[in-house]
Amino acid sequence: EKGGFETFMAKEIHEQPQAVADTLRGRIDETGQIVLDEVRMSDQDFRDIDKVFIVACGTSYHAGLVTKYAIEHWTRIPCEVELASEFRYRDPVLDRSTLVVVISQSGETMDTLMALRHAKDQKARVLAISNTVGSTIPRESDAVLYTRAGIEVAVASTKAFLTQLAACYLVGLHLAQVRGIKYADEVSAILDELVAAPGKIAKVIENLEPVREMARASAGKDRVLFIGRHVGYPVALEGALKLKELAYLHAEGFAAGELKHGPISLIEDGTPVVAIVPSPRGRSLLHDKMISNIQEVKARGAKVIAICEEGDAITASHADFVIETPASPTLLAPLLTTVPLQEFAIELATALGRDIDQPRNLAKSVTVE
Ligand code: F6R
């Protein structure tokens, strides 16, 4: 049932183009409007939203972090992202005009469910993104958009994450559409790019051998650091989480600009640093800053593995190793840049003899608080 792969996780990484395509299918109607599944909210309810909270745990939380950049940019609605286990206990400011987006692959995560109930008690509207039809979280929400990743067997989430991103982008674009679009051209261009994403993800998957080599070369190290900026920052967090889960290794993701405020002291001769580099096009300021961060860590002895856009010669001239991903709008790039990090974690953990599909101490669905 692993379809010729060594592990379910490897199989699920390869299923990502299909999973993302399935999640997008039928959700964009002939007029280019985004269609949600079970909506117990009117368009007017969506128009009345003046604040968005995204609440989730673990990998799903990382999908939420990416979404914040997209929602604020496309809709200009303030958006906060919070861990479900923290959200509920700190008395967040919520009311009828707050949209709380809960993201849960299983739909049964207790921390997320309790956060949802808290939000509903405060009269907030709740929209769920879940992979499990009929599970508790979507049942209790006002609106639902299902991801269509299919069953994810490996404990570490891969295809569920990419489909969460796809669904979250749709929610952001839906919000932009019902509220009247300031960026109509941009939204339709983004929709075209979303539809093109599965093909690009497939290209990334075809080119994973260099990632495997770098992972094997990193297997003897005490720690691996991941750095990113903008949406590359949550991707860095996700890359580090995958490696912690699978390899039982100290891995940490940082906002690259934050390194100099402390974490750069972790770097010693040979420390692998995986840098998620933004596109050199458009927002080149961000790219310049990332190159400076690469120089900072290299000056302290780091071995830099850069995940960058194809043809990015500047990054290639500074990094020790380069993994190229197809060009993409900045906000959608996590659909591509996450994939090499998933493979990196598998390969490094395999080199250390770990159980890839069933890491120690972890459960697929966490139904205790
Ligand atoms: C990491 C992972 C976990 C889950 C988290 C939330 O690979 O799988 O961090 O993402 O436990 O689970 P769901 O999305 O089911 O609420």
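The values are calculated or read from the model by the stated rules, or taken from the named source; none is laboratory data. Keep in mind that this is a model prediction, so the values were computed, not measured. Methodologically, a virtual Cβ is constructed for each residue, glycine included, from the backbone with ideal geometry; neighbour enumeration extends over all protein chains shown.
Listed values, structure above:
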| item | result |
| --- | --- |
| Pick from the stretch 68-85, criterion within 14 Å of the ligand (Cβ to nearest atom) and in a helix (DSSP H, G or I), ranking: surrounded by the most Cβ atoms within 10 Å (Cβ to Cβ) | Ala84 |
| The stretch 344-369 residues that are more than 16 Å from Ser85 (Cβ to Cβ), paired with ones that are among the polar types (S, T, N, Q) (beta carbon under 6 Å, 6 or more apart) | Leu348/Ser218; Ile356/Thr7; Asp357/Thr7 |
| Residue among Val81, Val52 that is aliphatic (A, V, I, L, M), within 11 Å of Leu99 (Cβ to Cβ) and within 21 Å of the chain's Cα centre (by Cα) | Val52 |
| Any hit, the stretch 256-268, residues being at pLDDT 95 or above, closer than 25 Å to Val155 by Cα and not hydroxyl-bearing (Ser, Thr, Tyr) | no |
| Some residue of the stretch 174-187 being modelled with pLDDT of 95 or more and in contact with a strand residue (DSSP E or B) (Cβ under 9 Å, 6 or more places away or on another chain) | no |
| Subset of the stretch 88-127 (residues that are charged (D, E, K, R) and either out of contact with any His (no Cβ under 6 Å at 6 or more places or on another chain) or away from the ligand (no atom under 16 Å from the Cβ) (or both)) | Arg90, Asp91, Asp95, Arg96, Glu108, Asp111, Arg117, Lys120, Asp121, Lys123, Arg125 |
| Every pair of residues 6+ apart whose Cβ atoms lie under 7 Å, when the first sits in the stretch 110-132 and is in contact (Cβ under 8 Å) with a residue 60 or more places away in the chain while the second is of a type in the set (Phe, Trp, Tyr) and crowded, with 22+ Cβ neighbours inside 10 Å | Ala115/Phe87 |
| Failed item, numbered, when Val366 is tested on (1) at pLDDT 95 or above; (2) surrounded by 13 or more Cβ atoms within 10 Å (Cβ to Cβ) | (1) |
| Residues (part of a helix (DSSP H, G or I) and at pLDDT below 95) located in the stretch 315-330 | Thr330 |
| Residue check for Ala217: more than 18 Å from Leu335 (Cβ to Cβ), surrounded by 21 or more Cβ atoms within 10 Å (Cβ to Cβ) and not charged (D, E, K, R) | no |
| Residue among Ala302, Ala327 that is under 25 Å from Pro263 (Cβ atoms) and surrounded by 15 or more Cβ atoms within 10 Å (Cβ to Cβ) | Ala302 |
